[in-house]
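Note sheet for the following structure.
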Amino acid sequence: MTDSTFNAGAYYRLALAPEDRERLPRYAALVDALSTSSVACALLGEARAEQRNPMLVLAALHYNALVGDRVLAPLYAHVNEIDPGDFARGVVAALEERPELVRAQLHRATQTNEPGRSAVLAAILRELHSRGVEDVHLIDVGTSMGLNLYPDFYNINSPSDEGVNLDIEDLGGNVTRVGLPRIHERIGIDLHPLDPSNAEDVLWLKACLWPEQPERTTRFEHTLKAMKDWPSALRLTGSALDVIDDALSFCTPDAMPVVFHSWVAAYFSPEEQVRWREIIMRHVQSRATWIYLEHPWGVKGLAPPATTSDPPRSGATQIVVCELGGEPAHWGWAHPHGRWVALAAPS
Ligand SMILES: C[S@@+](CC[C@H](N)C(=O)[O-])C[C@H]1O[C@@H](n2cnc3c(N)ncnc32)[C@H](O)[C@@H]1O
């Protein structure tokens, strides 16, 4: 069923941050073309309300290319050699001719699991360590495949032939070089945790990546391989609001639970966002620290703190940290996929 008040065209047009539009001319042309296609707009309206995200349609198209659709597979396989307008026209023509390609995937969720966000999380954890936090349990809410449960295992700005390299630009020049706190328990929560050993789950996460960035697919593959040697993590299935107390019950008193989420609370309903804030603030008063990376307009129910600095680039994610016993505070900005960070932690 479609919702006539939903402006799908605007959602498509605003799907990419301005800096990503510049970097990804074919995906920029594609979202613009989708925004003027009545078929594409109607399809987005058919998704359930919390998943009306252009990324779901983009992932559905990419998924069909990856499974060998006769029209989409060659377009996506050679995406970086094709004129942006030709790519967009080819993809939209396939979608308009066979909307069932996308419709069949609308039951899924946008589950993009971006390890680049671990570089932002690591910068925040380093800052907490410099303030005396030595031991933590990490609870990653909306963990998807769990790729952000290992901020201490990636090679961040220290490339190596071993393991997985992440590069992050320190735009504010404020990222401390002190070490990370020791991470004890690693607990991921998701409505539908994805399994790194399940081929269909891996395929869907590849589809959620952007085809003009083959380096992200390569990094995803390296991460899956490396994770086999990393410590095991506990995965809890269910809505964060229902499962968080269970997750915290696994956290022994020798370390502080850090409840972290990135690009997750925007999928909560406004009422769930308000309730989530109440639940977490109770835990913050007694034993936990809360960290989130979310776009402020998508999480108004969390009452994100006023920003004390403008984002250095538009489309940025706000970094919010609520230290044990404190109130949520603006700690700066980051690129949505962790390409850069501008940390502005209050002293
Ligand atoms: C866009 S993905 C982000 C994944 C990961 N946090 C990251 O930054 O790479 C959003 C994830 O949140 C999960 N999610 C959405 N609503 C949720 C809820 N109420 N409780 C738990 N997980 C949820 C989805 O299943 C999905 O895996």
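Every number here is computed from the coordinates shown, using simple stated rules; none is lab data. It should be emphasised that the depicted structure is a prediction, and the values quoted were computed from it without experimental measurement. We place every Cβ from the backbone using ideal geometry, glycine too, and count neighbours over all the protein chains shown.
A few points about this structure:
- In the chain, helices alone account for a calculated mean residue ellipticity at 222 nm of -11500 deg cm²/dmol, with every DSSP H run of four or more residues adding -39,500 (n - 2.57).
- Phi to ³J(HN,Hα) by Karplus 6.51 cos²θ - 1.76 cosθ + 1.60 over the range 44-49, Hz, x for Gly, Pro: 4, x, 7, 5, 5, 3
- Partner lysines for residue 206 [C-alpha distance under 22 Å; skip if fewer than 8 residues away on the same chain]: 225, 228
- Principal axis dimensions, largest first and in whole angstrom, of the chain by Cα: 58, 47, 38
- Across the chain, the relative contact order, built from alpha-carbon pairs under 8 Å that are at least six residues apart, equals 17 percent.
- In plain terms, the C-alpha convex hull of the range 255-347 casts an average shadow of 5.9 nm² when viewed from every direction.
- Among 267, 209, 291 the positive-end extreme of the charge dipole of the range 209-335 (Cβ point charges): 209
- Zero-based 10 Å bins, Cα pair distances in the range 8-103, whole percents: 17, 54, 28, 1
- Bridge orientation summary for the chain: considering DSSP beta bridges with both residues in this region, about 30 percent are antiparallel.
- In sequence order, calculated HN-Hα J values of the range 113-128 (Karplus, 6.51, -1.76, 1.60; Hz; x Gly/Pro): 10, 9, x, x, 5, 5, 5, 6, 4, 4, 4, 5, 5, 4, 4, 5
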